[in-house]
Structure formats: C-alpha cells, structure tokens
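Asker: Got a structure here, written out as structure tokens. Questions coming.
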Amino acid sequence: MSAPFEDLEPDWLTVEAALDRILGDTPPLPSVELSPAEGGGRVLADDVASRLTLPPHDNSAMDGYAVRATDLTGATSESPVRLEVVGHAAPGPPVDEVVGPGQAIRITTGGPLPEGADCVVRVEDTDREARRGVVTVLDARDAGRHVRPAGRDIERGDVVARTGEVLDPGRIGIVAAAGVERVSVFPGPVVGVLATGDELAGPNEEERLLSGDAIPNVNGPMIAASVRASGGIAHESSPAPDRLDALVERIEASMDTDVLVTIGGASMGTGDLVKRALDTVGFQLDFWRVMMRPGSPFGFGRIPRAGRRPLLVASLPGNPSSAFVTFELFVRPLLRRLAGHTRVYRSALDVVAGEDLPTHPRFVMFPRVTLDADAHGRLHAHSAGDQTSGLVHTLARADGLAVIHPSESAVKAGDPLRILHLDREGGARESAEWLDPVEGHIE
C-alpha cells in the first residue's frame, strides 16, 4: 500500500516525463453513436461508408432540354433544328418518357436524364418553346455535354470520412449526403472543476470582495472555460471551503466525471487539505512536482472505480498563472487525447526574443509573452508583463508561452526563441488577406 499523498516526497519530473506519464497509457474514451449533427466537432471512432450513390442517376447540369446529340447536327440560328417536346424531368425519380429521334424532354438542373437522351441543350440556345410542344435549337455546341454521370460524387460503399478525422461542417455535409443516420464518435470528456479556498468569493459576494475580506474566484471560471475550449464538458462547482469534509463531499460529487481538476491546496503548506481529501477517497498518486515555473506543484493520479475506468485527477497550483500554464501544458493534451484527437498539442512558433528574458539553472521557464511582427514579417516575443504567478493581467494579454530551457545565461534580445502559441482567435485577421493577389510565380 502506497503512502498517503500528503506524506510523499515530490517527484520533480521533467516536463517531458510528466507528459509521458499523463498521456502514455491513456486511451480515448469509449465511443458512442450519435447522429451526424449531434456528433459535430467530435472525432470519428470508425470509418463512415456511404449507403448511397450520388448522384443516383445521370442528371442534367443545366436548365434546358434533354436530347439526342445526333439530332443537333448542323443546328445554327440560320438553320435551326426543331424537336418535339414529349415531357418534363425535374429533380426526383426518373420520368417514364423516352427520348426518341427528333424528340426532347424539358429538364431542370439536377433532373434525371431520360432514357434515350445523351446530352442537354441549355435553354439559352433555344427559342424556349415559342410554340408549345416544339423547341427550336439554335446551336449545336451542347452535343454530348451537360450530363453529370451517376456516382460522380459518391459511389455506394465509398468511405467518405475516416477514423480520427474531426466531424467538422464539411464532413457532416458529406456524411449526410451519404445517407448515414448514425456515426461512431469519441465523446467530449466530462471534467469536474474544483477550486478550493476559504478566501475565494464569486461576483455575487460583493461585500466580501469590496471589503478585501475575500479575493475573486478567478481559477474556477478560467479553468472551466479552458476545459470547454479544449473540447471538454465542464462541471464547475462553487469554491470549496478549507474543510476536509467539504472537500471530500465535492470530490465524491465528481466521481461520475472522466477527469477531476482540483485547483489549489496541493502544495507544501500545512493547510493543503486537498491531498488529505484525495487520500480519503482512495487516490493513487502518479507523480507530484514538475521542474518548471510557473506551476511546479502540479500533481496527477487516479481514483479507482469498480467496473469502470479510473477517475483521472489533475491537481493544479492555486496561483492563477500557474493554474493556467499547467492546464495548457498537461490537462489540455489529456482532454484532447480522451476525445480521440491524434493532434493533442498546441502549435509551436519559432520567433525572435524582443527583449532579455530570465532563465533558471534547473527549471524550464514558461513566461507569458506577446508577439508582434517587424517590417520583415519576423515575429518578436516580449514579456506580457509582471510574471509573478499570482497576477492575472498577463493571462489576458498573452499570445503564447515562451519555452526557455534551463540555463545559467539569460535569453538575450535577438536570440531565437520557441513559443507555445495560444492562438485564441484561431488565426483570425481584420481583413480578408486571402483575397490579395499573389505576386511572382512558383518555380
């Protein structure tokens, strides 16, 4: 039997080792079957094969007249061809009429091509049936044209979306077109978010906040929003007071979630009750403490559940910047892995340090930085402000987290620097730059 969490010595893992311990043996959640609309944004757990052939019949790409190409020979405005109109084909089931020599069937775009016809004359090249029942063709240029063959888009049995792909709007469109009613997807993980501390107050507790007797509950709403932005379903409770019974009650209330994120109360102080509360419900610690700043008091482990996957528990430090950074580095990839994503990490940018940035001889530093571009388009990183972990203003300003490996020497302005890009706007721009013409050519 392992020692209680509160009695264990810190592991001091590297960031790489901590990520490996969190993600290494963590499979996606069991798949569920949903309608394509319900599964939107989720990752496919199985290939999706079409139940239909699209289009189901040869059909018209034009409004006009379905005819035999041989009947158009020599048609001009000076020497028109006149054809008998024997029916009308609209989108839907094929018509019963057959196009014979010297005949035509009026047809709408998407209408099934009638038997006997092999092309469609656009309506602009006719007299539009000036005399009802007879169409005059004024040009032969559409001979053999404007027919979309059956199966041109999808053949029955074609795989239209594959395992591991996100069911985005485009794939929802093709899955719907394929006549598929249910798809197998990985669900979004349900995440309990538990901030702790007697000192925390919500915005409704104005008197405590204005008097300075309490501080705003920043971490709960922030981490719940981070969960949602990562594709999870956040169950945020009100801050738990510093009482063992209250903490145990909140943890037990989260036992039906997939992941529990606790915030605060897992450092080294005598008032850190979260460790004791977790021990009460059978918590099995995997590791505690990572060689990084901010956020070194991060912990991870599991609570066994009979007949079910264990509840994964991530213990975040209580300082807001530390909680934010450790969520980004460790919890966000975990939630994406549980949701079936293969790409679980934020993208990296190689930039230039816009100013001197401090290092640490043993820890990886993750300062919050802003980015701007110089006249040559090169990105420069600047400190987002005071990097004290208890401050919050840098979180709103940050475009990314600089990744500064252990060193005795500071990063100097002009040095190359790698950034974990937060990209909160998804690459949004103020103008439609993609409309600008491309200059030059590609060899």
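Asker: Quick one: in region 220-241, of everything that is of a type outside the set (Gly, Ala, Ser) and assigned to a loop (DSSP other than H, G, I, E, B), which residue is nearest to residue 339 (Cα to Cα)?
Answerer: As a first pass, look at region 220-241 and keep what is of a type outside the set (Gly, Ala, Ser): 221-223, 227-228, 233, 235-236, 239, 241.
Then drop every residue that is not assigned to a loop (DSSP other than H, G, I, E, B), which leaves 239, 241.
Numbers: 239: 27, 241: 32 Å.
That would be 239.
Rundown of residues vs (1) among the acidic types (Asp, Glu); (2) closer than 28 Å to residue 11 by Cα; (3) out of contact with any Gly (no Cβ under 8 Å at 6 or more places or on another chain), yes/no style:
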residue: 196; (1), (2), (3): no, yes, no
residue: 207; (1), (2), (3): yes, no, yes
residue: 226; (1), (2), (3): no, yes, yes
residue: 235; (1), (2), (3): no, no, no
residue: 257; (1), (2), (3): no, yes, no
residue: 263; (1), (2), (3): no, yes, no
residue: 272; (1), (2), (3): yes, yes, no
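Asker: Here is a further query. Every residue in region 115-170 that is part of a strand (DSSP E or B), of a type outside the set (Val, Ile, Thr) and under 16 Å from residue 59 (Cβ atoms), please. Write out each step before concluding.
Answerer: Just the residues of region 115-170 that are part of a strand (DSSP E or B), to begin with: 119-122, 126, 131, 134-137, 147-148, 154, 159-161, 166.
Within this subset, residues satisfying the condition of being of a type outside the set (Val, Ile, Thr) are 119, 122, 131, 148, 161.
Of everything in region 115-170, those that are part of a strand (DSSP E or B), of a type outside the set (Val, Ile, Thr) and under 16 Å from residue 59 (Cβ atoms) turn out to be 119, 122, 148.
Asker: Something else about it: Can you name the residue in region 201-219 that is part of a helix (DSSP H, G or I) and hydrophobic (A, V, I, L, M, F, W, C) and, of all such residues, is nearest to residue 264 (Cα to Cα)?
Answerer: Narrowing region 201-219 to residues part of a helix (DSSP H, G or I): 206-211, 219.
Then keep just the ones that are hydrophobic (A, V, I, L, M, F, W, C); that gives 209-210.
Working: 209: 19, 210: 23 Å.
Out of the qualifying residues, it is 209.
Asker: Got a number for residues in region 373-423 being free of Cβ contacts under 8 Å to residues at least 24 places away in the same chain and either part of a loop (DSSP other than H, G, I, E, B) or in the same structural domain as residue 226 (by TED's automatic domain parsing) (or both)? Give the derivation first.
Answerer: The first filter runs over region 373-423 and keeps only residues free of Cβ contacts under 8 Å to residues at least 24 places away in the same chain, leaving 373-377, 384-386, 393, 396.
Then drop every residue that is not either part of a loop (DSSP other than H, G, I, E, B) or in the same structural domain as residue 226 (by TED's automatic domain parsing) (or both), which leaves 374-377, 384-386.
Of the residues in that region, 7 qualify.
Asker: Okay, moving on. What residue, of 21, 51, 42, is of a type in the set (Lys, Arg) and more than 22 Å from residue 231 (Cα to Cα)?
Answerer: Details: 21 fails: more than 22 Å from residue 231 (Cα to Cα); 42 fails: more than 22 Å from residue 231 (Cα to Cα).
Going through 21, 51, 42 in turn, just one is of a type in the set (Lys, Arg) and more than 22 Å from residue 231 (Cα to Cα): 51.
Asker: When region 403-423 is examined, which residues are found to be aliphatic (A, V, I, L, M), more than 23 Å from the chain's Cα centre (by Cα) and closer than 13 Å to residue 369 by Cα? Don't jump to the end; show me each part of the working.
Answerer: From region 403-423, those aliphatic (A, V, I, L, M) are 403-404, 410-411, 413, 417, 419-420, 422; that's our starting set.
Applying the additional criterion that residues be more than 23 Å from the chain's Cα centre (by Cα) yields 403-404, 410-411, 413, 417.
Correct list: 403, 404, 417.
Asker: Somewhere in region 314-328, is a residue modelled with pLDDT under 95 and surrounded by fewer than 16 Cβ atoms within 10 Å (Cβ to Cβ)?
Answerer: Looking for residues that are modelled with pLDDT under 95 and surrounded by fewer than 16 Cβ atoms within 10 Å (Cβ to Cβ), one finds none in region 314-328, hence no.
Asker: Has region 174-183 got any residue that is surrounded by 21 or more Cβ atoms within 10 Å (Cβ to Cβ), under 27 Å from residue 30 (Cβ atoms) and touching a helix residue (DSSP H, G or I) at 6+ places or on another chain (Cβ under 8 Å)?
Answerer: From region 174-183, those surrounded by 21 or more Cβ atoms within 10 Å (Cβ to Cβ) are 175, 178, 183; that's our starting set.
Right, trim to under 27 Å from residue 30 (Cβ atoms) and you get 175, 178, 183.
Pick out the ones that are also touching a helix residue (DSSP H, G or I) at 6+ places or on another chain (Cβ under 8 Å) and you get 183.
Within region 174-183, one or more residues are surrounded by 21 or more Cβ atoms within 10 Å (Cβ to Cβ), under 27 Å from residue 30 (Cβ atoms) and touching a helix residue (DSSP H, G or I) at 6+ places or on another chain (Cβ under 8 Å).
Asker: Of the residues 333, 361, 437, which single one is out of contact with any His (no Cβ under 8 Å at 6 or more places or on another chain) and assigned by TED's automatic domain parsing to the domain that holds residue 18? Steps first, please.
Answerer: Working: 361 fails: assigned by TED's automatic domain parsing to the domain that holds residue 18; 437 fails: assigned by TED's automatic domain parsing to the domain that holds residue 18.
Result: 333 is the single residue among 333, 361, 437 that is out of contact with any His (no Cβ under 8 Å at 6 or more places or on another chain) and assigned by TED's automatic domain parsing to the domain that holds residue 18.
The values are calculated or read from the model by the stated rules, or taken from the named source; none is laboratory data. Predicted, not measured: the structure shown is a model, and the values here were computed from it. Neighbour counts are summed over all protein chains in view; Cβ atoms, including those assigned to glycine, are modelled from backbone coordinates with ideal geometry.
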